[in-house]
Structure formats: structure tokens, C-alpha cells
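The values are calculated or read from the model by the stated rules, or taken from the named source; none is laboratory data. Everything numeric in this text was worked out from a predicted model, so none of it was measured. Note that we place each Cβ from the backbone using ideal geometry, even for glycine, and neighbour counts take in every protein chain shown. Accessible surface areas use protein heavy atoms only, side chains included; no ligands, DNA or RNA. Shrake-Rupley method; radii C 1.70, N 1.55, O 1.52, S 1.80 Å.
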Amino acid sequence: MKSIRIQRYGGPEVLQRCETDLPRPGLGEVLVRVRHAGINFMDVHTRQGKYAQSRTYPVRLPCTLGMEGAGEVVGLGADVSGLHSGDRVAWCLSWGSYAEFAAVPAARLAPVPEALALDRAAAAMFPGCTAHYLAHDVAALAPGKACLVHAASGVIGQLLVQFAKRLGATVLATTSSAEKAAVARACGADHVLGYEGFADAVRELTAGQGADVVFDAIGRDTLRQSLRATRMRGLVVNYGAVSGALNDLDPLELGEAGSLFLTRPRLADHLTDATTTRRRAAAVFGGLMDGSLKLDIAGRYTLDDVEAAHAALEERRQVGKAVLTLPA
Ligand SMILES: NC(=O)c1ccc[n+]([C@@H]2O[C@H](COP(=O)([O-])OP(=O)(O)OC[C@H]3O[C@@H](n4cnc5c(N)ncnc54)[C@H](OP(=O)(O)O)[C@@H]3O)[C@@H](O)[C@H]2O)c1
């Protein structure tokens, strides 16, 4: 089968087109014919080696890239029940979706309703489940709460804004351009700001208090200012670090900023069993189907040009989701 693998960490040049044997589904695994793979910033981080030492997301080289996809079940490993050949499924947090076939743990699979196209399911599974747990479980957003969503035109940013609005929160958002600001507004953001001086702007818009919750996946470039944008005893959710990690944060700074709570959550700890995976996926897929959630597929790629997809993410040019379509 055709796949995209890395044998070492580095820039887009380490992505290799390979011809390999089909993976064999092991105990509790399912063999899936991959139709579409989601292309995510996490793939860039994986390629760069940022998970080389991770216990949550262990990566072993050589690694077939891609940790989100959708397709049909074509084989079952031992000790798998309730799934059948031909079932339409989507998954995330299992590596190997930049390939024609993938062996995926059954507990990571969610059914895809007939009414939802597989490319949309592949696009939404990972960012949808992420935005779902961040808004509902980490931040417990509700009417009367104000949150700040950084990079609100990013894939998770867009979905976070939409879930936050559905939960009744007031949403402040940051983006880096007028075009991206329009995307954040279309998702329902109440106020859209630039990054320059955002903490002061957030305080002005919240009667001097600051936001109850700040969602920050930018990291080094914004996290310190995010502390200043948060109200006393508020919550800072640092769920990523696209600009690099802030390595010198002293806990005392949380005290000085108003006894803040800072968390660095991971989807793996909020997608711990099949029931939770299916519950979150059902909420996301249901929203896409009834129109209450939207996520545009803004970039379509094949195995031949996946480097361009990674470049668009790293250069901040991708607005909306990028999807890799495998050969028919
Ligand atoms: N913790 C979790 O559970 C979890 C789960 C999934 C993903 N993540 C992480 O969440 C982060 C965002 O993922 P995503 O898929 O939403 O990414 P995305 O769609 O590519 O959005 C990233 C956005 O960040 C902004 N940005 C600011 N500084 C940047 C820089 N130096 N380089 C690139 N982009 C920069 C850009 O928007 P502006 O130009 O408007 O600033 C960009 O559009 C990633 O770090 C990912 O690994 C975490």
C-alpha cells in the first residue's frame, strides 16, 4: 500500500512516499481502508520530533504519519466485537492515517452516519472532539461566562468559538488578519481583536475584570499576556504551543496575576474509552449534520503534495481544515 512515513525528525523533506505491506490488526484493532485523513498541526509537531519523548503520545520511528481519518472497516483483529466489514468509521489519536490502510484500536473508532460524507468526518473528528472536551469539561462554559479564544480562525479555534456560543458564553477572539477576523465573526465571536495589546483590550471589554477562561494554543508568543487577560481566580487553558513552548514560567506569576489556574490538557486524557469517543464524535457529527456546527474543508491534498499542506500550516496560511484524500 502507499503511505507517507518519516524515518527521522525534521522539516517537510523527511516526509517519504513509501510502498509497504498492509498493517495487520492486532488484539483489539480493526483494519480500515482509509478514504480521507485529516491534516493537523499535530502532524507537523510529530514530524518535527516534539512527541519523541512523549508518554501520552509515544511515536516510534519509522512512523506512518497522520492521526485522524475516516474510511470503511475491512478486517477485524482478535477480541473485537460490534464492528463489521463495510462499517463507515472515523478515528483520531492513532497514527498511520496518511496511508491506504490503517490498523486502529477499536476503542478509538466512532461510527459515521450515512448522511455525513467521510471527508467531513475525517476533517472534524480530532478538532471536534478537542473543542468539545475543552469547552464542556475543562472550562465548563455556561451563560454569564466570558472566554477568550486565541487563533480563532484556526481549526480548533473555530470549533471552540462555536461550542462556547452554544453553551451561552460571551466569546472574545484573537486573529492575525482581517480575513481571519471575518472567519471568527462568522463562527459567532462577539468581539474580535488583534494580538497587539490584547490583554488591555480584553479587560476593557469585561469591565476591567478579564476573561473567566482563556484558551491559548499559541504558547510562547501569547501565554504571558494571556495571564493578564484572565480575571482573578480564572482559568488559563494552554492546550498547544504553535509558536513554541514557554519554558520559564514561574508558578509565582500565576499568584501575581490573581491566583490563576493554569492547565495543560490533552485529548488522550479526555478520550479514554470507546463510550467517550463515540459520545464526543456523535455530538460533533450531529452538529455538522444539523448545521449547528460548521467546519469548511479549505485545503485538499493527495499523497503527492502533502508537503504543501504542512507548509501552509507552518506559514499560518491555512484557514479552515486541510484533508488528504487517499487513492480510490
Ligand atoms: N491539547 C489538546 O488536546 C490538543 C488537541 C488537538 C490539537 N492541539 C494543538 O492545538 C494547536 C492548534 O491546532 P489547530 O489544528 O487548531 O491549528 P491551526 O488550525 O493551524 O491553527 C493554528 C493558528 O495559530 C495561529 N498562530 C499563531 N502563531 C503561530 C505560529 N507561530 N505558527 C503557526 N500558527 C500560529 C494562526 O492563526 P493567526 O494567524 O490568526 O494567529 C494559525 O492559524 C496545535 O498546537 C495542536 O497540536 C492540542
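Given the residues Asp290, Asp296, which is the only one that is surrounded by fewer than 20 Cβ atoms within 10 Å (Cβ to Cβ), under 24 Å from Ala152 (Cα atoms) and within 14 Å of the ligand (Cβ to nearest atom)? Let's see the steps before the verdict.
On the way: Asp290 fails: within 14 Å of the ligand (Cβ to nearest atom).
From the options Asp290, Asp296, the qualifying one is Asp296.
Residues in segment 316-328: is at least one within 29 Å of Val30 (Cα to Cα), open to solvent by 20 Å² or more (accessible area, probe 1.4 Å) and under 16 Å from the mean Cα position of the chain (by Cα)?
no
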Checked Ala90, Ala99 against criteria (touching a Cys at 6+ places or on another chain (Cβ under 9 Å) and buried (at least 24 other Cβ atoms within 10 Å of the Cβ)); the one match is Ala99
Scanning segment 168-187 for residues that are within 12 Å of the ligand (Cβ to nearest atom) and either modelled with pLDDT under 95 or in contact with a Phe, Trp or Tyr (Cβ under 9 Å, 6 or more places away or on another chain) (or both) gives Thr174, Thr175, Ser176
Restricting segment 263-272 to residues that are open to solvent by less than 70 Å² (accessible area, probe 1.4 Å) and more than 8 Å from the ligand (Cβ to nearest atom), which is farthest from Cys147 (Cα to Cα)?
Leu271
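Taking the stated definitions as given, is Thr275 among the polar types (S, T, N, Q) and within 14 Å of the ligand (Cβ to nearest atom)? Show your work before the answer.
Numbers: among the polar types (S, T, N, Q): yes; within 14 Å of the ligand (Cβ to nearest atom): no.
The answer is no for Thr275.
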Within segment 61-71, is even one residue in contact (Cβ under 8 Å) with a residue 60 or more places away in the chain, in a loop (DSSP other than H, G, I, E, B), buried (at least 17 other Cβ atoms within 10 Å of the Cβ) and not basic (Lys, Arg)?
yes
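Would you point out which residue out of Thr46, Thr56 is part of a loop (DSSP other than H, G, I, E, B) and either surrounded by fewer than 19 Cβ atoms within 10 Å (Cβ to Cβ) or within 14 Å of the ligand (Cβ to nearest atom) (or both)?
Working: Thr46 fails: part of a loop (DSSP other than H, G, I, E, B).
It is Thr56.
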Looking at Val284, Val202, can you tell me which residue is among the β-branched types (Val, Ile, Thr), surrounded by 21 or more Cβ atoms within 10 Å (Cβ to Cβ), part of a helix (DSSP H, G or I) and out of contact with any strand residue (DSSP E or B) (no Cβ under 7 Å at 6 or more places or on another chain)?
Val284
Scan segment 221-232 residue by residue and report those that are farther than 14 Å from Ala146 by Cβ and open to solvent by 70 Å² or more (accessible area, probe 1.4 Å).
Asp221, Arg224, Arg228
Could you list, in sequence order, the residues of segment 233-258 that are away from the ligand (no atom under 16 Å from the Cβ), part of a loop (DSSP other than H, G, I, E, B) and surrounded by fewer than 14 Cβ atoms within 10 Å (Cβ to Cβ)?
Asp248, Asp250
Report, by residue number, each residue of segment 156-182 that is of a type outside the set (Lys, Arg) and open to solvent by 30 Å² or more (accessible area, probe 1.4 Å).
Ile156, Leu167, Gly168, Thr170, Ser176, Ser177, Ala178, Glu179, Ala182
Based on this model, can you work out whether Asp212 counts as under 14 Å from Ala146 (Cα atoms), among the charged types (D, E, K, R) and open to solvent by 20 Å² or more (accessible area, probe 1.4 Å)?
yes
Apart from one, (1) open to solvent by 10 Å² or more (accessible area, probe 1.4 Å); (2) without any contact (Cβ under 8 Å) to a residue 60 or more places away in the chain; (3) outside the structural domain of Ala257 (by TED's automatic domain parsing) all hold for Ala135; the odd one out is (1)
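Yes/no per residue for (1) within 16 Å of the ligand (Cβ to nearest atom); (2) closer than 18 Å to Pro23 by Cα; (3) aromatic (Phe, Trp, Tyr):
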{"position": "Ala90", "(1), (2), (3)": "yes, yes, no"}
{"position": "Leu109", "(1), (2), (3)": "no, yes, no"}
{"position": "Gly128", "(1), (2), (3)": "yes, no, no"}
{"position": "His136", "(1), (2), (3)": "yes, no, no"}
{"position": "Ala142", "(1), (2), (3)": "no, no, no"}
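Quick one: which strands (runs of 3 or more DSSP E) sit completely within segment 1-40 and have at least 2 residues that are among the charged types (D, E, K, R) and touching a residue at least 60 places away in the same chain (Cβ under 8 Å)?
Numbers: elements: 2-6, 16-19, 29-39.
By residue number, 2-6, 29-39.
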